[in-house]
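Peer 1: Here you go, one structure.
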Amino acid sequence: MLVIITTPLVSTDPDKRVEVKVRFEATEPPLNTYKNKEPYIGTIKSVKRIVGPNAPGETCHIVIDHEGNVPYWEGQSYGIIPPGENPKKPGMPNSVRLYSIASTRYGDDFDGRTASFCVRRAVYWDPETGKEDPSKKGICSNFLCDSKPGDKVQITGPSGKVMLLPEEDSKAKHIMVATGTGIAPYRGYLRRMFMEDIPTFKFDGLAWLFLGVANTDSLLYDAEFKDYLKMYPDNFRYDIALSREQRNASGGKMYVQDKIEEYSEEVFKLLDEGAHIYFCGLRGMMPGIQDTLSRVANARGENWETKLATLKKNKQWHVEVY
């Protein structure tokens, strides 16, 4: 059951917590409120480029107004159906694309009306001509990044339970690993933990974020995360891997798994103590991460496959890749 409480939640310390204008209470996460054949029609509220000039590619922060009609929980996804005809199925609408939501259930304005997304514009460069091939560009990502305030967008969902933030234990430890736009669900987690004044969830555990991107200009929501470091140094850790600017211990490019390896003793100790670990980003991130974790486990005299099975059994292992 969903109850909407319109009494504002006002923080006693406005420098640390933000007023939430509408509060959602539900015992179960909403799932598939809107289906592909009958999507909800939302409205683009804003589109903002959030990477610097030297970032490879363009990433945008996109806010969609759903008027409070498509509630979701942190860690869930919306489906977006871009306008137009499916190029692979003439006469049929475009297929739905899933995007992790990058805001808490209250949205960026804390009024329960919006959902935010972190979207990288997908383009293809022909290696022979050295030019962009518009026929192969990502249909949905370009639609979203090109959108203007007031444009309409078809929404399905919300969907997903794997990345829901466990809130039973306010002192729990959470290790979050992201590459690129895989940062989306963690932005929602961290805003809920550190930005909002929520009587039902007072976080006093540890949130440890590992983020891998190409360079400094590619960092996403970096200012927000650095603010949390200043305000909550005992509850938040933030480590970045810049593949085009940093070197790992072997002298190669620094990827997110290399940064995890630097702190592997602490990471494994936290996992042994019951910490949750999350992975979100491109599917190609996982083999390198798994290899690193396996190597570290072997060096510790542990069998990684056995340890991984235990983490999954204990519901400590959360993966969402695309």
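Peer 1: Determine the shape class of the range 202-322: with a ≥ b ≥ c the square roots of the Cα gyration tensor eigenvalues, call it rounded for a/c under 1.5, and otherwise prolate if a/b is greater than b/c, oblate otherwise.
Peer 2: Because a/c hits 1.5 or more and a/b fails to exceed b/c, the range 202-322 counts as oblate.
Peer 1: Among Val162, Gly84, Asn303, which residue has its Cα positioned farthest towards the positive end of the charge dipole of the chain, with +1 placed on the Cβ of Lys and Arg, -1 on the Cβ of Asp and Glu, and the dipole taken about the Cα centre?
Peer 2: After comparing all options, I get Gly84.
Peer 1: Next question. If you rank Arg49, Arg300, Arg283 by how much accessible surface each has, with a 1.4 Å probe, what is the order from largest down?
Peer 2: These residues rank, largest area first, as Arg283, Arg49, Arg300.
Peer 1: Quick one: dipole size for the range 187-260, taken about the Cα centre, charges +1 on Lys/Arg Cβ and -1 on Asp/Glu Cβ, in debye to the nearest 20.
Peer 2: With Lys and Arg at +1 and Asp and Glu at -1, about 200 debye.
Peer 1: Beyond 27 Å between alpha-carbons counts as too far, so tell me which of Lys48/Lys202; Lys152/Lys202; Lys37/Lys315; Lys45/Lys259; Lys226/Lys253; Lys37/Lys89 fall in that bin.
Peer 2: Flagged as over cut-off: Lys48/Lys202; Lys152/Lys202; Lys37/Lys315; Lys45/Lys259.
Peer 1: Of the labelled options (i) 30, 27, 19; (ii) 33, 29, 19; (iii) 37, 25, 16, which one gives semi-axes √(5λ) of the Cα gyration tensor in Å as computed for this structure?
Peer 2: Derived directly from the coordinates: (i).
Peer 1: Quick one: accessible surface of Ser243, probe radius 1.4 Å, all protein chains present, in square angstrom to the nearest 10.
Peer 2: It works out to around 20 Å².
Peer 1: Give me the dipole magnitude in Debye, nearest 20, for the chain about the Cα centre, with unit charges on the beta carbon: positive for Lys and Arg, negative for Asp and Glu.
Peer 2: Dipole of the chain, to the nearest 20 debye: 720 debye.
Peer 1: Length gain on complete extension for the stretch Tyr322 to Ile139, per 0.36 nm per residue less the alpha carbon to alpha carbon distance?
Peer 2: Length difference between fully extended and current span is 64.3 nm.
Peer 1: Suppose only helical runs count, i.e. DSSP H with n ≥ 4. What mean residue ellipticity at 222 nm does that imply for the chain under -39500 (n - 2.57) per run, divided by all residues and rounded to the nearest 500 deg cm²/dmol?
Peer 2: -6500 deg cm²/dmol
Peer 1: Once the piece of chain linking Glu273 and Ser170 is laid out straight, how much longer is it, given 0.36 nm per residue of separation minus the C-alpha distance between them?
Peer 2: Stretched fully, the Glu273-Ser170 segment lengthens by 35.6 nm.
Peer 1: Compute the length gained on full extension between Met231 and Glu19: take 0.36 nm times their separation in residues and subtract their Cα-Cα distance, giving the result in nm to one decimal.
Peer 2: Here the answer is 74.6 nm.
Peer 1: While we're on this one: Quick check: from the Cα gyration tensor, does the range 143-214 come out rounded (a/c under 1.5), prolate or oblate?
Peer 2: Judged from the Cα gyration tensor, the range 143-214 comes out prolate (a/c at least 1.5, a/b above b/c).
Peer 1: Under a crude label model (7 Å from the Cα following the beta-carbon direction), how far is Asp222 from Lys315 in nanometres?
Peer 2: Calculated label separation equals 3.7 nm.
Peer 1: Amide H of Asp197 versus every other amide H placed in the peptide plane: which residues, excluding those fewer than 5 positions away on the same chain, fall under 5 Å?
Peer 2: So Asp197 has HN proximity to Val18, Val20.
Peer 1: So which DSSP H runs in the chain come out at 20 Å plus along the axis (Cα) with average Kyte-Doolittle of at least 0.0?
Peer 2: In the chain, the long hydrophobic H runs are 285-299.
Peer 1: On to the next question. Can you sort Arg244, Arg192 by 1.4 Å-probe accessible area, starting with the largest?
Peer 2: Most to least solvent-accessible, the answer reads Arg244, Arg192.
Peer 1: How many nm is it between the label spots at Thr306 and Lys148, if each spot is 7 Å from the Cα in line with the beta carbon?
Peer 2: Here the answer is 6.3 nm between the modelled labels.
Peer 1: Which shape class, rounded, prolate or oblate, goes with the range 208-248 when its Cα gyration tensor gives a ≥ b ≥ c as root eigenvalues, a/c under 1.5 marks rounded, and past that a/b bigger than b/c marks prolate?
Peer 2: Judged from the Cα gyration tensor, the range 208-248 comes out prolate (a/c at least 1.5, a/b above b/c).
The values are calculated or read from the model by the stated rules, or taken from the named source; none is laboratory data. Please read all numbers here as calculations on a predicted model, not as lab measurements. Reconstructed Cβ throughout: ideal geometry from the backbone, glycine too, with neighbour counts over all protein chains shown. What goes into the accessible areas is simple: the full protein's heavy atoms, side chains included, and nothing from ligands, DNA or RNA. Shrake-Rupley method; radii C 1.70, N 1.55, O 1.52, S 1.80 Å.
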